[in-house]
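A.B. asks: After the C-alpha cells below, expect a handful of questions from me.
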Amino acid sequence: MADAALPLAQGAQPPRGWWKRNQQTLAPWLFLAPGAAFFLLYVIFPIFQSFQVSFYEWDGLGEAEYVGLRNYDELWYDDAFYTSLKNNVIWLVLYLAAIPAGLFIALFLNQKVFAIRLYKSLFFFPFVISQVVVALVFSWFYDPTFGLFNEFIGLFGLGPIAVLGDERYVTVGIIMAGLWPQTAYCMILYLTGLNAVDPEQIEAGRLDGAKGWRMLWYVVLPQLKPATFIAFVVTIIGALRSFDLISVMTNGGPFGESRVLAFYMFEVALSEYGFRMGYGAAIAVILFMIMMIYIAFFLWKMYRDEREG
Amino acid sequence: MFPVPVEKSSPAIRYGYQALLPVVLIIWLLPLIAVAIFSIKPESDFASANYWGWPENLAFWENYGLVFAGSDMPRYLLNSVFITVPTVIGAVALSCMTGFALGIYKFKAGIWIFFLFVAGNFVPFQILMVPVRELTLDMGLYDTKTGLVLFHVAFQTGFCTLFMRNFIKALPYALIEAARVEGVSEIRIFWYVVLPMMKPAIAALAVLIFTFIWNDYFWAIVLTQGADSQPVTAGITSFNAQYRAAYHLMSAGSIVAALPPVMMFFAMQKHFIAGLTLGAVK
C-alpha cells in the first residue's frame, strides 16, 4: 500500500525536487545499505566462498590447487568424519531434553511467593555465563580426583569415573554440561509463555475436571506453542553449533571420540594438525546443509505467519 | 494460573514449597558453587588434598589479587570491553536502520532481504570461518580488535534486524502516516518519530548483544592470537595454561571472566528477558 507515495494533503506544498518526489521508494534502500553491505561482505558471500574453497586443496598460504570433488570423496572414507557425524546426531537428540527439562523447572517456579523473582533469575544464571566458563566448571565437576560428580557417585560405592577421559561417556558428559545453560534458556521461554496463559481457559478446564497432567497436556501446552517452537529452534541451532564446550573440555579427545562436525572442521583447517582449508570447507558445507534443513523449516513457518498476520 | 498457586494449598504444601526452593537452587547451581568455593581456598588446601573440607584459611584476597595483579587478566578484560562495546553500538545502530527499512516500507524485495538476514543469522560459524579469516588477513586486521569487531557487527546485524523489524512492525503505523501527511521527510520520521519509540528494543538488544559477544570464544580464537587483542574467553585458557593445576587461581580467574555479563544481566534483567523471549508469546 505504501508503494505509491501517499497523496499530499491539501494545502501542503507541491513536491519540489527529485528527492522529495522519490524519497519513499529510495528511503528503504538507503536505510538498508550500510547493514546489508556489511552482512553481504561478512556473511552471505563467505558462504559461497566456502563452497568454492571446498573444491580446492589449500594450506591457506600458497597456491590453491583445484581438485574437484576429491575433498568430498576423502570425507566419504574418513572415519573421523563419521565419528563426528554420529556425535552430532547424539547431540541433536540429547540436547532436546532441555525443552521438557526447562518446562518442568518453569512449572516448578511459576508461583507467586516471597523472593520468587530472585529464584527465577538465579535459575537462569547458567545461561548468562560464557560457555568457556561452563566448560571449565564442568571439567572440574567431572574430575576423577576431586570432582563433585565422583564424590556423589562415591556415596553409592561407584566410581571413580574419568568421564572426560573415557570414550564411552565423554560425549554424553559434555552434552550434560551443555544442557545446563540450555535448560535455563528453555525455562525462561516457558516462564514467559506461562505468564501469558489465558486464566479463563484454565478455569474452564478446571470446571471440566481437568487436573495435573491432563490439564498440562490439553489446556496449557497448546497455549505454549510459540514458546515451544522457539525452544526447538534455539536448541537445535545450539546443538549443531556446539564447539566451545568440546574445545575447552576435551579438545576432541580422547582419541577424537568427542569430536562433532563443527569441531572437526576447525581442527582440520586451523589446528596444529595442519591447515587444510579445502577439506575443512567441505566439512563446513556438510554441516551447513544439515543446518539448512532447519533454517528452511523456520523460514517457511515465518513466511506462513507473515501471510496470516 | 498453572500450576495451582501454592497460596491456595494447605500450609504444609506452602511451607514445604518455600523450603524446597533453596534446596533445589543449590543443587542446580552446585557446579558453580563448587568453583566459587575453590576460588577462596588457599593453595595449601590443594596440596594436602583437602578439596571439600573446611578451608585452612580464607584466601579471597590472595587469589583474586593475583588474578588481577600477577597475570594478563586485566588486559584480557579490557580487550573484551573494547571488543564488546563497539560491537554493541555498531550492530544496534545498523539494525535500527535495517529494521526501520524492513518494518515500515512495504516493497517486494523487503521480505526476501529480511529472510536473508534471518537465515544468515542461523548458519554454522564454520561455513564462514575460512573466508572471513582470509578477508580479515587481507585487510591487515588479523589479530586486531578491529577485525573482530567488524565481523561481530556484521554477523549480529542479522539477529538484530530480525528483532528490530518485528518490533517496529508492531508500532502504531498511523503515527508515521500522520507525519507524512504533515510533509515530514523520511529521514526525520526515522529520527524523530520512530527512534524515540524504539528505546526499549535498543536496551534489550544492547544487553543481549553484550552478553553474546562477551561470551564469544570461536571467533576470538579464529581471528586473534595474543594478549594484545584476545578477549577474556580466549585469555582464560592461556591463564589456565600459565597456572596449570593451580585450581584456586583457575577458579578465581573463571569467576572474574564470567562476572561482567552476569552483572549486566542482573542490572538490566527486564530488558534482557524481554529480548530473549521475543516471540515466545503471541
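The values are calculated or read from the model by the stated rules, or taken from the named source; none is laboratory data. These numbers were taken from a predicted model, which means no experiment stands behind them. Positions of Cβ are generated from backbone atoms using ideal geometry, with glycine treated the same way; all protein chains shown enter the neighbour counts. The protein model used for the area step is the full one, side chains on, heavy atoms only, and it has no ligands, DNA or RNA in it. Shrake-Rupley method; radii C 1.70, N 1.55, O 1.52, S 1.80 Å.
A.B. asks: If you roll a 1.4 angstrom probe over the protein chains with everything in place, what fraction of the accessible area of chain A belongs to carbon and sulfur, to the nearest %? Don't skip to the end; give the middle numbers.
C.D. replies: Numbers: 9910 of 15260 Å².
Here it works out to 65 percent.
A.B. asks: Using modelled amide H (1.01 Å from N, peptide plane; none on Pro or chain starts), what sits under 5 Å from the amide H of A:Y56, excluding residues fewer than 5 places away?
C.D. replies: Answer set, sorted by chain and number: A:V67.
A.B. asks: Using the Karplus curve 6.51 cos²θ - 1.76 cosθ + 1.60 with θ = phi - 60°, work out ³J(HN,Hα) for each residue of region A:27-44 in order, rounded to whole Hz, and write x for Gly and Pro.
C.D. replies: 3, x, 5, 5, 5, 6, 3, x, x, 5, 4, 4, 5, 4, 5, 9, 10, 6
A.B. asks: Starting from the Cα of B:L195, step 7 Å along the direction of its Cβ; do the same at A:N195; then give the gap between the two resulting points in nm.
C.D. replies: 2.9 nm
A.B. asks: Could you state the per residue volume, in Å³, of the convex hull enclosing the Cα atoms of the protein assembly as shown?
C.D. replies: Residue-normalised Cα hull volume stands at 190 Å³.
A.B. asks: Cα centroid distance between region A:144-193 and region B:116-162, in Å?
C.D. replies: Region A:144-193 and region B:116-162 have Cα centres separated by 32 Å.
A.B. asks: How would B:W191, A:W29, A:W180 rank on accessible area, largest to smallest, probe 1.4 Å? Intermediate values should be presented prior to the final figure.
C.D. replies: Values: B:W191 150, A:W29 125, A:W180 15 Å².
Descending order: B:W191, A:W29, A:W180.
A.B. asks: Can I ask one more? For B:V81 and A:I116, what does the FRET efficiency come to when R0 = 25 Å and r is the distance between their Cβ atoms, rounded to the nearest 0.05?
C.D. replies: Working: r = 33 Å, r/R0 = 1.34.
Efficiency computed from Cβ-Cβ geometry: 0.15.
A.B. asks: Further, regarding this structure: Keeping the other protein chains in place, figure out the carbon and sulfur percent of the accessible area of region B:216-282, with a 1.4 Å probe. Provide the component values of the computation, followed by the final result.
C.D. replies: Numbers: 1470 of 2370 Å².
On region B:216-282, the fraction of accessible area on carbon and sulfur atoms equals 62 percent.
A.B. asks: Can you count the Lys pairs in region A:80-251 whose Cα atoms are under 27 Å apart, with each pair 8 or more apart or on different chains? Before the final figure, lay out each step's value.
C.D. replies: Values: A:K112/A:K120; A:K112/A:K211; A:K112/A:K225; A:K120/A:K211; A:K120/A:K225; A:K211/A:K225.
So the count works out to 6.
A.B. asks: So, one more: What is the spin-label model distance, in nm, from A:L158 to A:E306 if the labels are put 7 Å beyond Cα along the C-beta direction?
C.D. replies: Taking the two extended label points, one gets 5.0 nm.
A.B. asks: P(r) for region B:53-186: what percent of alpha-carbon pairs falls in each 10 Å bin, starting at zero?
C.D. replies: In whole percents, the pair-distance histogram is 10, 26, 25, 17, 13, 6, 2, 0.
A.B. asks: Sticking with this structure for a sec: Per residue, how many Å² of accessible area does the protein assembly as shown show with a 1.4 Å probe?
C.D. replies: 45 Å²
A.B. asks: Could you identify which residue out of A:M187, A:M215, A:M176 has the top mean-square fluctuation in a GNM of chain A using Cα springs shorter than 10 Å?
C.D. replies: A:M215
A.B. asks: Using the Cα atoms of region A:80-251 to build a convex hull, what is its mean projected area in square nanometres?
C.D. replies: Values: hull surface 48.9 nm².
Taking the Cα atoms of region A:80-251, their convex hull projects to 12.2 nm² on average.
A.B. asks: Heavy atoms only, probe 1.4 angstrom, no DNA, RNA or ligands counted: give me B:T237, A:T145 ranked by accessible area, highest first.
C.D. replies: Order by accessible area, largest first: A:T145, B:T237.
A.B. asks: Another question, then. Probe radius 1.4 Å, ligands and nucleic acids left out: which of A:I90, A:I99 has the largest accessible area, and how do the rest follow?
C.D. replies: A:I90, A:I99
A.B. asks: Take the solvent-accessible surface of the protein heavy atoms, probe 1.4 Å, and return the percent of it on region B:6-62 that carbon and sulfur atoms account for. Before the final figure, lay out the partial values.
C.D. replies: Working: 2560 of 3510 Å².
Carbon-and-sulfur percentage of accessible area, whole number: 73.
A.B. asks: Residue by residue through region B:269-281, what is 3J(HN,Hα) from phi via Karplus (6.51 cos²θ - 1.76 cosθ + 1.60, θ = phi - 60°)? Round to whole Hz and write x for glycine and proline.
C.D. replies: 3, 4, 5, 4, 5, 4, x, 6, 9, 4, x, 6, 10
A.B. asks: GNM, chain A, Cα, under 10 Å: largest mean-square fluctuation among A:L158, A:L109, A:L194?
C.D. replies: Largest GNM mean-square fluctuation: A:L158.
A.B. asks: Kirkwood hydrodynamic radius (Cα pairs, Å) of chain A?
C.D. replies: 23.7 Å
A.B. asks: Buried accessible area for the A:B pair, summed, 1.4 Å probe, in Å² rounded to 100?
C.D. replies: About 10100 Å² of accessible surface is lost on pairing.
A.B. asks: Take the alpha carbon atoms of region B:1-33, find their center, do the same for region B:76-106, and report the distance between the two centers in whole angstrom.
C.D. replies: Centre-to-centre distance over Cα atoms comes out at 40 Å.
A.B. asks: How big is the equivalent ellipsoid of region B:209-282 along its three axes, where each semi-axis is √(5λ) from the Cα gyration tensor, reported in whole Å from largest to smallest?
C.D. replies: Working: eigenvalues 169, 50, 17 Å².
Semi-axes (√(5λ), whole Å): 29, 16, 9.
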